[in-house]
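Enquirer: My structure is below; once you've seen it, I'll send some questions.
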Amino acid sequence: MRAACKLKVRDSLATTSVILRRFLKLGATMAKSKFEYVRNFEADDTCLAHCWVVVRLDGRNFHRFAEKHNFAKPNDSRALHLMTKCAQTVMQELEDIVIAYGQSDEYSFVFKRKSNWFKRRASKFMTLVVSQFASSYVFYWRNYFGDQPLLYPPGFDGRVVVYPTNQTLKDYLSWRQADCHINNLYNTVFWALVQQSGLTPVQAQRRLQGTVTADKNEILFSEFNINYNNEPVMYRKGTVLLWQKVDEVMTKEVKLPAEVEGEQKVVTRTRMKPAPLHCDVIGDAFWKEHPEILDEDS
């Protein structure tokens, strides 16, 4: 009787082993199902190797967003600092970003030439940068706008552009900073005409039609006693984010004998963090001062 039971158990284990092997073999086959062909419809969006990958995001319909949330004109420092905070969060999450540049409702993020992040897929670069930025904008809103409610979720769109050389990358960042200057000068004059001279937006637009930089500077100085060069540099130049060593002061609990109460010890820790700079990136001085940005071995 006992021998028969042992035989049944052995046969059962053998049968189970055969079934398990068949299942594993079938599972491997099923993984390549007849439906897998749909993967062939995915576009190959791998960014060209050894090139700078730039992701630029812009606020979607931000003129309306700014009006609904009563942004100060021509510049709202709260909104600009919030944008920079979001960009810093993106850089801390995606450490292959070597430099970022922002102005108004846009930010550009430059990834290392040798970055193999997500196999250099453009869709991954763009979606993760934009989603991280947008979620950070909502998360940190109260830090900059206090009790002012966020009336509806902000939207951002993004694009990926590949630049093959150091010079084309420098020209791209110069283009964005030149755009910052042109737009901010126009907005500074436009809102001075509306807020201080009482012109309607349409009248102010007509007044500035056909004017050049010198004309706008003259209007500001002669009519409003404003020297544009004395305006905050953040408004005129935008914001550059670079990795820099930052000293953080922390308190650390010091363990002492049981009969003595613990005490706090001040400790300084050095970390690399994305720090904001408001400076010119069009000239050569910036790049000579920060050669590590273009250094492929950094």
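Enquirer: Given the whole protein assembly as supplied and a 1.4 Å probe, what does the accessible area of T211 come to in Å², nearest 10?
Expert: Probe radius 1.4 Å; accessible area of T211 about 30 Å².
Enquirer: As a test question: what accessible area, to the nearest 10 Å², does E292 have when a 1.4 Å probe is rolled over all protein chains in place?
Expert: Counting only protein heavy atoms, E292 exposes about 80 Å² to solvent.
Enquirer: Right, here's the next one. How large is the convex hull of the C-alpha atoms of the stretch 52-168 per residue, in Å³?
Expert: 101 Å³
Enquirer: Another one. So what's the gap between the Cα centers of the stretch 135-205 and the stretch 102-132, to the nearest angstrom?
Expert: 19 Å
Enquirer: How much area per residue is accessible in the stretch 52-168 when the probe is 1.4 Å and only protein heavy atoms are counted (Å²)?
Expert: Per residue, the stretch 52-168 has an accessible area of 47 Å².
Enquirer: If ligands, DNA and RNA are left out, what is the accessible area of W243 with a 1.4 Å probe, given in Å² to the nearest 10?
Expert: W243 exposes around 60 Å² with every protein chain in place.
Enquirer: Go through H290, H69, H81 and list them by solvent-accessible area, largest first, probe radius 1.4 Å.
Expert: H81, H290, H69
The values are calculated or read from the model by the stated rules, or taken from the named source; none is laboratory data. Predicted, not measured: the structure shown is a model, and the values here were computed from it. Ligands, DNA and RNA are excluded from the accessible area calculation, which covers all protein heavy atoms including side chains. Shrake-Rupley method; radii C 1.70, N 1.55, O 1.52, S 1.80 Å.
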